[in-house]
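Below is one structure; the comments refer to it alone.
The values are calculated or read from the model by the stated rules, or taken from the named source; none is laboratory data. Note that this is a predicted model, so its numbers are computed, not measured. Here the Cβ positions follow ideal geometry from the backbone for every residue, glycine too, while neighbour counts run over all protein chains shown.
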Amino acid sequence: MGAVPAVPASAADTGTRTGTGTADQPAAEVDPLIGSAGGGNTYPGAVLPYGMISWSPTSTTGDQTDTGAANGYAYDVTRTRGFSLTHVNGAGCHPGAAGDVPVLPFAGDVTSSPSADTEDEVYASGFSHADERAVPGRYTLGLDSGVTADLAVSRRAGVADFTFPRGKPANVLFRASNSLNGSEDAHIEIDKAQRKVSGWVHTGAFCGRRANGGENNRKSYYRLYFSATFDRPIDSAGTWRDGTLSPGSTSGGGGEGYATGKDRAGRGSGGWVGFDTGGAGGAGATGGTSRTGGDRTVHMRMGISYVSRAGAEANLRQEIAPGAGVDEVAEAGFEAWNRELGSVRAEEGTPSRRTAFYTALYHSLLQPNLVSDADGRYPGMDGRPHRVEHGQRAQYSNFSGWDQYRAQVQLLALLKPRVAGDFAQSLYNFARQNGGVWDRWVHISGATHVMTGDPSAATLATFYAMGVRGFDVRGAFDSLARQATVPHPDGLSDAGCPGQCTGQRPNLKRYLAAHYAPQDDCHCWGGAAETLEASVADSALARWARLSGRDEEAGRFAERAGYWRNVFNPEATPEAGYIQARSADGSWTTPFDPGSETGFAQGTSATYTWMVPQDVQGLASAMGGRDAAAERLDGFFHDPDGSWSVDGGDPLRYDPTNEPGIHTPWLYNALGQPWKTQETVRRIADTAYGTGPGGLPGNDDLGTMSAWYVFASLGLYPQQPGSAAMLLGAPAFPRVVLARPGGRDITVNAPHAGDARPYIRSVRVDGAQSGRSWDEGRLVASGGRLDFDLADRPDKEWATAPEDLPR
């Protein structure tokens, strides 16, 4: 197996990382392997904050159409077919997206088409995690073939050292067509005189070929261009297409299609180049003579672009100096992460808690992702290239809206408001290019329609409430308000349903007339879920309108925010009321079971019944009052015998692996029992999260689950979309300082924080005692200092007065 180069002392070995970072070296706390097993779907490769390139291995299970994980890397699968240039952090569907152009350093002669190697028996290699190192901005892996790959990146480019074993051929394979979901087409060009390999892949099919998506979700919607140069002459070259190998060819192409298994196996195209590293066999497809020379490390420089090959080459020239090697680029990347993560300075805490915390922050700040080149050009949703707007620094994409609007976008707004502003403008740009439609799950420049609801409204309203500017505020609001009030033909389509329904406000005319989404005439994933999502989005728009002085619109949207009541059936069961789907004629959809997903999207009625963050007091009243609601909430987190049930798997109880219920632990604050929020959040954080590859409870969903953990550790959580209000819990660190760009810092002091003190005894806000378990927005707007006095037992009097409850 390959020898793995030593990692700089500033970037600790991920296999033994124990929270050894300092205040100015938070990147040393990060373990990129956290979440790479158990369905977390993270990836460990080299990437910078919001980076376009994310260079990481693609696993293979012995099937070149299956990696064993949604995003290309499964910790338990120790065989790789190459190092892909793009990834999406933690997307849940399998396969997910990207994984474009795997590059494989291959210590053997290329004697057959790699696409014909359908079980990855030849053109792949096993590895041991003992030979793997992952730190922010750098990834190194020693393969069983004897090759070592050492990768480092800037935001749109990267460098690689491929060290080949003595006495073996040295080839580099470019699997141009082999994206995770397949491809429409691909192309490769080899320029031996310029020592260059370039090409593109035309791909898409987000979430793969799923029975519920049909043609709707197999749309090709982006091209990734790449251009790679080498430090030495290309000794030999060739291309392949499907099962045909063409030694000596310097141009080729062809796609794989989007199927899986036999329908796609054996298809595809790519090319390879060979080098003289002093090995035997020459590196050509037909053998050769022995070479002399001792430099066994091939240096490669790579640029990528979603616009053009020229853009890829310009990105490389601008971001990485001509003479820069892996060490220099990795050092710059590590410092970039130190700066980004340094916006949150957590002091003390156990080593494992610090590693979990800073890795969660790292995963939270991986997205949104750049899709614009260094010159500002980017691919539009209309299929044409565009330039960023005046004052916009970059175009971003990869918006998992249904997930992110609940936690990740709030963390982005809190810590990186300028990025959030550019992201808001980016989404608005895409909407204008898409006929005014804001898609709920945007990948690169494509509308994928994944999930349900109108998360763009909730997201941009949240940004605005939290002080984010730098985007066309009026234009964006008007566009979102129009989407919410003017029916669109897509809203009557069932294409992609369920899961990827094309309508962003499905059957809006019927919804506005009935004041709920009928299960039998919805054109959506589930009528009850759609009603709740629309109510949350409309509440957020109402708050945005009110903050903007648009009172008439605020009133109309505020009324619609209460439509959740029309799907709350107080007699759903003999014991209790629940959110329940209903038909267009007003009747309830039966039979009803609180543990059923009928009418819901990736969740049950038992979970969705709590998804009314904009009106917790109204929900409590519908349940019989705050005490009755709190008792029901107890049953959501505990089995009948009183033991905790917060690990998921029970359709009647809390699921930490998915988004509809992740806010529920904080509902106790509004119900007058905040000590239960404190103990429940701590229980979830300490049991569902941790270190190691299995350290996430489920799909990270573009940083959403990681952002949940960051907020839980801070003792803060967003009260509701469209608001800057924060609910208070018990901090996990004695002191944390949030550096606010252009404003006053937020300081959270909790001197006795630790495992033994999970309860709040008292809180002071800027020195004054407070009996409230929430901050209505002043903290985000103006900064300030929170001082927590923590205890080992609950204080059942603090923050319980009815007039002090969150509202």
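Computed values, structure above
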read-out	value
Residues of the range 149-171 satisfying the condition of being of a type in the set (Val, Ile, Thr) and more than 23 Å from Ala394 (Cβ to Cβ)	Thr163
Ala707 vs. criteria part of a helix (DSSP H, G or I) and surrounded by fewer than 24 Cβ atoms within 10 Å (Cβ to Cβ)	no
Contacts under 6 angstrom Cβ, first residue in the range 222-233 being in the same structural domain as Val201 (by TED's automatic domain parsing) and at negative phi, partner β-branched (Val, Ile, Thr) and modelled with pLDDT under 95, 6 or more apart	none
The range 335-352, subset surrounded by fewer than 24 Cβ atoms within 10 Å (Cβ to Cβ) and assigned to a helix (DSSP H, G or I), residue farthest from the chain's Cα centre (by Cα)	Pro351
Ala97 over 19 Å from Ala259 (Cα atoms) and either of a type in the set (Phe, Trp, Tyr) or touching a residue at least 12 places away in the same chain (Cβ under 8 Å) (or both)	no
Residue satisfying all of: in the range 101-134; acidic (Asp, Glu) and in a loop (DSSP other than H, G, I, E, B); farthest from the chain's Cα centre (by Cα) among these	Asp109
When residues of the range 557-587 are limited to those that are touching a helix residue (DSSP H, G or I) at 6+ places or on another chain (Cβ under 9 Å) and in a strand (DSSP E or B), the one surrounded by the most Cβ atoms within 10 Å (Cβ to Cβ)	Ile579
Residue that is nearest to Pro721 (Cα to Cα), among those in the range 439-484 that are assigned to a strand (DSSP E or B) and of a type outside the set (Gly, Ala, Ser)	Trp441
Residue in the range 212-224 that is small (Gly, Ala, Ser), surrounded by 24 or more Cβ atoms within 10 Å (Cβ to Cβ), modelled with pLDDT under 95 and under 25 Å from Gly254 (Cβ atoms) present	yes
Exclusive hit being surrounded by 17 or more Cβ atoms within 10 Å (Cβ to Cβ) and either assigned by TED's automatic domain parsing to the domain that holds Lys416 or farther than 24 Å from Glu348 by Cα (or both), set Ala725, Ala730, Ala753, Ala768	Ala725
Residue within the range 592-614 that is free of Cβ contacts under 8 Å to residues at least 40 places away in the same chain and surrounded by fewer than 19 Cβ atoms within 10 Å (Cβ to Cβ) present	yes
Residue in the range 146-162 that is surrounded by 20 or more Cβ atoms within 10 Å (Cβ to Cβ) and within 20 Å of Gly253 (Cα to Cα) present	no
Qualifying residues in the range 240-275 (those that are polar (S, T, N, Q) and in a loop (DSSP other than H, G, I, E, B)) - the one nearest to the chain's Cα centre (by Cα)	Thr260
Matching entry among Tyr123, Tyr73 (being of a type in the set (Ser, Thr, Tyr), closer than 16 Å to Asp700 by Cβ and crowded, with 22+ Cβ neighbours inside 10 Å)	Tyr73
